Amino acid sequence: MRGTVLHAPGDVRVEARDDPRLEQPTDAIIRVAATCVCGSDLWPYRGIEAVNGPAPMGHEYVGVIEEVGADVTTVTPGQFVVGSFFASDNTCDICQAGYQSRCVHAEPMGTIGTQAQLARIPLADGTLVATPTMPEPELIPSLLAASDVLGTGWFAAVAAAAGPGKTVAVVGDGAVGLLGVLAARQLGAERIIAMSRHEPRQKLAREFGATDVVTERGDEGVARIKDLTSGLGAHSVIEAVGTQESMMQAIGSTRPGGHVGYVGVAHDVSLPGEKLFFSSVHLHGGPAPVRRFLPELIQLIWDRKINPGKVFDLTLPLEQAAEAYHAMDQRRAIKTLLTP
Ligand SMILES: [Zn+2]
């Protein structure tokens, strides 16, 4: 099969990889219908995260099951399925509590590399959710978004306790931040402030439900949020970047007693204890347990109540994955969909 491999920072190639095989009786093999490049793929691409030799890339996927192992009972060949970026058994105590991304048997899909024509999905029964029937092609981008960025934005909004009567601020205007706006809207938030200085992203944020846009960042951004909230700060803040500045911007923008939902993969973030102590905010986040939300999100997409696939503003054949990374690295694209 053909698949994307990162050789060194900036060096993404599409090359022949071995076809995956069933390795465990709980595995499934899917033919990937659509995959994409994640903001978190840019960390190793930019050399901020170490690249240890040629690494298969990609952890977002939707596709059709080709083959299942002997122990798989809930999905069958021919079904269209959505999974998340961690395979999970969905039965252990952690999964049952709704934290499937930290399943005691979790396997990161990124090491399998789903920017490819085929992918092995471990723990298929716990990981995959089938759509009711074969989806119309126009639903595929939204279903793919559910695999990570929608599920992650949704978790961030839930972790930030977004809901009726709440003012929600969103730090980060990448696909996750934008879909955090959509999630906050769906969860009934009254006011949603998107923090973005990029006009096309501001526009999409408004389409997804943002009521206000703040272009300032850092301390100035915090001051603007306070201006808009009678000096108090937002009830709920979504942090979808993962830097020291964005985390402090999120904490600073939250009123005492409010909630920060942080889902940007932290890179060199260290929280100053005293500031944290006196902030009196709830912090909850981490790798989103997307699997918890998949059945609900698939249904919302199926019923055409949400259209998260709009975050894909560039679609390329898998063979042009290098350009997909390049475009996102340069912020020419919010998110690139790849068709194998
Ligand atoms: Zn589990």
Of the residues that make up segment 180-203, is at least one farther than 23 Å from Ala333 by Cα, touching a strand residue (DSSP E or B) at 6+ places or on another chain (Cβ under 8 Å), charged (D, E, K, R) and assigned to a helix (DSSP H, G or I)? yes
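Tell me whether segment 237-246 contains one or more residues that are in a loop (DSSP other than H, G, I, E, B), surrounded by fewer than 18 Cβ atoms within 10 Å (Cβ to Cβ) and out of contact with any strand residue (DSSP E or B) (no Cβ under 8 Å at 6 or more places or on another chain).
Let us first name the residues in segment 237-246 that are in a loop (DSSP other than H, G, I, E, B), namely 240-243.
Imposing the further condition that a residue be surrounded by fewer than 18 Cβ atoms within 10 Å (Cβ to Cβ) reduces the set to 243.
Narrowing further to those that are out of contact with any strand residue (DSSP E or B) (no Cβ under 8 Å at 6 or more places or on another chain): 243.
There is at least one residue in segment 237-246 that is in a loop (DSSP other than H, G, I, E, B), surrounded by fewer than 18 Cβ atoms within 10 Å (Cβ to Cβ) and out of contact with any strand residue (DSSP E or B) (no Cβ under 8 Å at 6 or more places or on another chain).
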When you go through Thr91, Thr114 one by one, which is the residue that is within 16 Å of the ligand (Cβ to nearest atom) and either at pLDDT 95 or above or outside any loop (DSSP other than H, G, I, E, B) (or both)? Thr91
Within the set of pairs 6+ apart or on separate chains, which have a first residue in segment 135-148 that is part of a helix (DSSP H, G or I), a second that is of a type in the set (Asp, Glu), and C-beta atoms under 6 Å apart? Ser147/Glu60
Got at least one residue in segment 47-63 being among the charged types (D, E, K, R), on the phi < 0 side of the Ramachandran plot, modelled with pLDDT of 95 or more and surrounded by fewer than 22 Cβ atoms within 10 Å (Cβ to Cβ)? no
Scanning segment 117-145 for residues that are within 30 Å of Glu15 (Cβ to Cβ) and of a type in the set (Val, Ile, Thr), the one nearest to the ligand (Cβ to nearest atom) turns out to be Thr127
Find the residue count for segment 255-271, including only residues that are more than 16 Å from the chain's Cα centre (by Cα) and within 13 Å of Ala161 (Cβ to Cβ). 5
Can you run down the residue pairs with Cβ atoms below 7 Å, 6 or more apart or on separate chains, where the first is in segment 81-94 and more than 19 Å from Leu143 (Cβ to Cβ) and the partner is more than 10 Å from the ligand (Cβ to nearest atom) and assigned to a loop (DSSP other than H, G, I, E, B)? none
Residues that are buried (at least 23 other Cβ atoms within 10 Å of the Cβ) and outside the structural domain of Tyr99 (by TED's automatic domain parsing): does segment 264-271 have at least one? yes
Keeping to segment 100-109, report how many residues are buried (at least 20 other Cβ atoms within 10 Å of the Cβ) and either more than 7 Å from the ligand (Cβ to nearest atom) or aliphatic (A, V, I, L, M) (or both). 3
Meets criteria (touching a Ser or Thr at 6+ places or on another chain (Cβ under 7 Å) and not in a helix (DSSP H, G or I)) for Val222: no
Going by the conditions given, is Val62 within 16 Å of the ligand (Cβ to nearest atom) and either within 21 Å of Val149 (Cα to Cα) or among the hydrophobic types (A, V, I, L, M, F, W, C) (or both)? no
Would you please name the residue that is surrounded by the fewest Cβ atoms within 10 Å (Cβ to Cβ), looking only at residues in segment 292-340 that are more than 19 Å from Glu136 (Cα to Cα) and of a type in the set (Gly, Ala, Ser)? Ala322
What is the residue count in segment 65-88 for residues that are among the small types (Gly, Ala, Ser) and within 10 Å of the ligand (Cβ to nearest atom)? 2
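The values are calculated or read from the model by the stated rules, or taken from the named source; none is laboratory data. Note that the coordinates shown come from a computational prediction; the quantities given were computed from them, not determined experimentally. When we count neighbours, we look across all protein chains shown, and the Cβ atoms used for this are built from the backbone with ideal geometry, even at glycine.
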